[in-house]
1. Examine segment 27-48 for a residue that is open to solvent by 50 Å² or more (accessible area, probe 1.4 Å), modelled with pLDDT of 85 or more, farther than 30 Å from PHE249 by Cα and acidic (Asp, Glu), and state whether such a residue exists.
2. Quick one: in segment 340-360, which of the residues that are farther than 15 Å from HIS203 by Cβ and acidic (Asp, Glu) is surrounded by the most Cβ atoms within 10 Å (Cβ to Cβ)?
3. Under 7 Å between Cβ atoms, which residue pairs at least 6 apart in sequence (or on different chains) link something in segment 29-48 that is closer than 17 Å to ARG5 by Cα with a partner that is surrounded by 17 or more Cβ atoms within 10 Å (Cβ to Cβ) and of a type in the set (Lys, Arg)?
4. Residues that are more than 25 Å from the chain's Cα centre (by Cα) and without any contact (Cβ under 8 Å) to a residue 24 or more places away in the chain: does segment 95-116 have at least one?
5. Pull up segment 302-339, narrow it to residues that are open to solvent by 60 Å² or more (accessible area, probe 1.4 Å) and at pLDDT below 90, then point me to the one that is nearest to the chain's Cα centre (by Cα).
6. If you scan segment 1-26, which residues turn out to be surrounded by fewer than 16 Cβ atoms within 10 Å (Cβ to Cβ) and modelled with pLDDT under 85?
7. Take segment 59-70 and flag every residue that is open to solvent by 50 Å² or more (accessible area, probe 1.4 Å) and touching a Pro at 6+ places or on another chain (Cβ under 9 Å).
8. Is it fair to say ARG133 is under 17 Å from the mean Cα position of the chain (by Cα) and either closer than 28 Å to GLU348 by Cα or assigned to a helix (DSSP H, G or I) (or both)?
Amino acid sequence: MDANRAPLARAVEVAIHAGLLPEEASRWRKVVVLEALGPAMGRSKTALRNLFYRDPDRFAAEIEAFVLGSQHQLVAAMQSHLPGLDQSEVVWRRSLEDIRQARARFDAALSVAEAADQAVRQSADGPSEEFRRICGTLAVELMARTLTFFDGERRFSLLKQTEQIYMNSMAQITLAHEHTPEDGVLFARFWENRATRCGLEWHRVWDDPDSGPPLDSGVVELALKELDEAATWQRRAGQQRDDARLRQFESDRARWLIKVGRFDEALDITQRLQTEGHQGADIDTLFMRALKAVLRRELDEAMRLAGDLVAQTQGQGDEDSRPTAALMLAQHVDLLRGQRPHLPETVERALRENPIVVSEFVDFDSFKRRLKSAGYNAADD
């Protein structure tokens, strides 16, 4: 029976988007779902429930037939879980409300992706290229959400699963001789979020002068190669409006370099991006200079730079993550100086309510541990 729980969840998502079940059905108890889904599939109220408990193999076959026969509903379901055009490709840079929604709907989105993957792998005629591209787009969105909301073994397990869904859906398109600009954008995002060791370590920040680098140089070199590949595909997209994405990849390169103390190279990148007018490069430069001062134990200078960073990030918008992240860095430096800073409401709120496991300017786990050791209740899980 346990093996049929995931297929049941997929069928429920398909039925919701076919208008056969209400949206709240995904939160119903199992028995209620089974009795409602039966009539939606053309069966009696009790037929599907009885199959679930008495004949799991036949139940699985009927659920599979229902899902595979509903590709147009699957497309609608996938599209409902994709981010809006106004949302950043980087999940943790979206508004707090968008982040919450992405986390709350993660399991439902994964069920839809699994159903689409099943259709890709088992459909007799094979799905259309449009279907494959939508499935691949949802898969990379789930890869990005996985990197944002989970860590440890669960992160890597989900990352591998969603990467495999992407590979299944996009393999034929990837191997084609010609690609659309949209393909280039999608392939770039795949390389940005791949299921490698970098995916486990990317959120690490070396912000503790009493420790060594949080990862080895080989991980950084791999991350740089993946970003190079992402940039190559982004250039193939040939869309001027996506120059910001290329600059973002360069900014990401700088962030990887500082994880192993390569500040001079990183600052060369951010200062060049400043010259080119990249939005946020001035903030990145301030952050890296502050972090460099932290690791050199130049804590007064680090505090001055962190204060400049807080001032620079103000006015970015109430839902922008950078002002809160800058405040965290300033408090982190104050804690290193032996002070007990006031915890602003925005930071308390982020610690309580934000489901992400990353912070832009400090190592989130390290920051919470420091707060907890200093007696801050807001740092409790």
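1. There is no residue in segment 27-48 that is open to solvent by 50 Å² or more (accessible area, probe 1.4 Å), modelled with pLDDT of 85 or more, farther than 30 Å from PHE249 by Cα and acidic (Asp, Glu).
2. In this case the residue turns out to be GLU348.
3. VAL31/ARG49; LEU34/ARG49; GLU35/ARG49; GLY38/ARG49
4. Start the filter on segment 95-116 by keeping residues that are more than 25 Å from the chain's Cα centre (by Cα), which leaves none.
Looking through segment 95-116, none of the residues is more than 25 Å from the chain's Cα centre (by Cα) and without any contact (Cβ under 8 Å) to a residue 24 or more places away in the chain.
5. Filtering segment 302-339 down to residues open to solvent by 60 Å² or more (accessible area, probe 1.4 Å) leaves 304, 308, 311-312, 314-316, 318-319, 337-339.
Among the residues that remain, those that are also at pLDDT below 90 are: 314-316, 318-319.
Numbers: GLN314: 25, GLY315: 25, GLN316: 22, ASP318: 21, GLU319: 17 Å.
Among residues in segment 302-339 that are open to solvent by 60 Å² or more (accessible area, probe 1.4 Å) and at pLDDT below 90, the one nearest to the chain's Cα centre (by Cα) is GLU319.
6. Filtering segment 1-26 down to residues surrounded by fewer than 16 Cβ atoms within 10 Å (Cβ to Cβ) leaves 1-3, 5-6, 19, 22-24.
The answer is MET1, ASP2, ALA3, ARG5, ALA6, GLY19, GLU23.
7. Our first condition is that a residue be open to solvent by 50 Å² or more (accessible area, probe 1.4 Å); within segment 59-70, this holds for 61, 64-65, 69.
The answer is GLU64, and nothing else.
8. Numbers: under 17 Å from the mean Cα position of the chain (by Cα): no; either closer than 28 Å to GLU348 by Cα or assigned to a helix (DSSP H, G or I) (or both): yes.
Criteria not met by ARG133.
The values are calculated or read from the model by the stated rules, or taken from the named source; none is laboratory data. It should be emphasised that the depicted structure is a prediction, and the values quoted were computed from it without experimental measurement. Don't worry about glycine lacking a Cβ; one is built from the backbone with ideal geometry, like all the others, and counts go over all protein chains shown. Surface accessibility is based on the protein's heavy atoms, side chains included, excluding ligands, DNA and RNA. Shrake-Rupley method; radii C 1.70, N 1.55, O 1.52, S 1.80 Å.
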